[in-house]
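Below you'll find the structure, written out as structure tokens, and then a few comments.
The values are calculated or read from the model by the stated rules, or taken from the named source; none is laboratory data. This one's a predicted model, so the numbers in the text were calculated from it and none came from an experiment. Reconstructed Cβ throughout: ideal geometry from the backbone, glycine too, with neighbour counts over all protein chains shown. For accessibility, only protein heavy atoms count, side chains too; no ligands or nucleic acids. Shrake-Rupley method; radii C 1.70, N 1.55, O 1.52, S 1.80 Å.
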Amino acid sequence: MRALLVVNPQATTTTPAGRDVLAHALASDVKLEVIETSYRGHAADAAHQAAADGFDLVIAHGGDGTVNEVVNGILRGGPRPEKPMLGVVPGGSANVFAGALGIPRDPVEATHVLLQAIEHGTRRRIGLGQVFADVIEGGRWFTFNAGMGLDADVVAGVERKRAKGRNASPALYLSVALKAYAQIVRKPQHFIVEVPDEAPFDDVGMVFVSNTDPWTYFGDRAIQLNPSTSFDGGLGLSALRTMRVPTVGRFIAQVLATGNPKGGNLVRRDDVGYVRVKCEEPANLQVDGDFLGATTAVEFRAVPDALTVAL
């Protein structure tokens, strides 16, 4: 088996020593090549080249952003049976995709799981989400979540803080989220949301789209918005009709208490083929915790059986 190990040396918990141990362990079972990323999009380019060169497996060692890039590189040109499998060894701060698949967040334990999958030939076919907007040339795959409005504002704010040297942490996300919410209260956003076989939902305040459960993690705590959503079905939608403090407070309390939010101001669907979102003023867009820019129209699509994961 030919495998490419893609390492993001800037990821939160990746280290040169950990990379070397991982590479040594993998090299005993596969014909391994290793590449360290040096620019945004490098992981996607490397994974795309590996697919073109007939590699069997591409392993992402980094955070969710690295995984997203590798997936987009593997699937550049569309899903096909001959595409390489994906392997994941977490090295970021949240590692949502790995957690949703049951892959240990500890790199050593995750490496053991991956080696067992290689030895026994076990794998899982999963569905992904795909997003189309004018700020994305050719569309973008996402593995666990996407959204417009508040969550994308938070992602954009955290990226700005990290560019100035701040480390990603639950405290940083919370601080940025509070400031982003205060801004939305002062200047509400207004979205129109469409799902199959229903009339459009007008004047929605924020839009969360899930490809699996959980939606994300806050430290070690799983944040569940659409617990019936999985890699084996369609997309999940959670959208609030208003961003007033009582509604948002009730929504957050339900998410933290039960992981199964409900209510008259919540538009929730757990298995839909697409979600279309429009707004008059440009709003921020994020996928898998990666800020993509501001736009006025987005389509999120569910794509079943898009990717094979060594698991």
Within the stretch 237-265, of all residues that are aliphatic (A, V, I, L, M), closer than 17 Å to ASP203 by Cα and crowded, with 17+ Cβ neighbours inside 10 Å, the one nearest to the chain's Cα centre (by Cα) is LEU237
Filtering the stretch 51-79 down to residues that are surrounded by fewer than 24 Cβ atoms within 10 Å (Cβ to Cβ) and free of Cβ contacts under 8 Å to residues at least 60 places away in the same chain yields ALA51, ALA52, ASP53, GLY54, PHE55, ASP56, ARG76, GLY77, GLY78
Per the filter on the stretch 183-213, residues open to solvent by 10 Å² or more (accessible area, probe 1.4 Å) and under 22 Å from the mean Cα position of the chain (by Cα) are GLU194, PHE208, ASP213
Margin query: Criterion first (modelled with pLDDT of 95 or more, touching a His at 6+ places or on another chain (Cβ under 8 Å) and buried (at least 20 other Cβ atoms within 10 Å of the Cβ)) does GLY91 satisfy it?
Written below: no
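How about the stretch 270-311: which of its residues are among the polar types (S, T, N, Q) and within 29 Å of PRO81 (Cβ to Cβ)? Write out each step before concluding.
In the first step, residues of the stretch 270-311 are kept if they are among the polar types (S, T, N, Q); the result is 284, 286, 295-296, 308.
Listed by number, the list holds a single entry, THR308.
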Going through (1) assigned to a helix (DSSP H, G or I); (2) among the hydrophobic types (A, V, I, L, M, F, W, C); (3) open to solvent by 10 Å² or more (accessible area, probe 1.4 Å) one by one, LEU172 fails only at (3)
Taking the stretch 282-294 and keeping residues over 16 Å from the mean Cα position of the chain (by Cα) and either surrounded by 19 or more Cβ atoms within 10 Å (Cβ to Cβ) or not in a strand (DSSP E or B) (or both) leaves ALA283
Examine the stretch 27-47 for a residue that is modelled with pLDDT under 95 and part of a helix (DSSP H, G or I), and state whether such a residue exists.
-> yes
Those residues of the stretch 101-137 that are under 14 Å from ASN68 (Cα atoms) and either of a type in the set (Phe, Trp, Tyr) or open to solvent by 20 Å² or more (accessible area, probe 1.4 Å) (or both) come to a total of 1
By residue number, the members of the stretch 272-290 that are at pLDDT 95 or above and under 30 Å from ILE103 (Cα atoms) are VAL272, GLY273, TYR274, VAL275, LEU285, GLN286, VAL287, ASP288
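Please verify whether GLY121 is in contact (Cβ under 8 Å) with a residue 12 or more places away in the chain, over 30 Å from PRO282 (Cβ atoms) and not basic (Lys, Arg), treating the condition exactly as stated. I'd like the intermediate steps shown before the answer.
Values: in contact (Cβ under 8 Å) with a residue 12 or more places away in the chain: no; over 30 Å from PRO282 (Cβ atoms): yes; not basic (Lys, Arg): yes.
In short, no.
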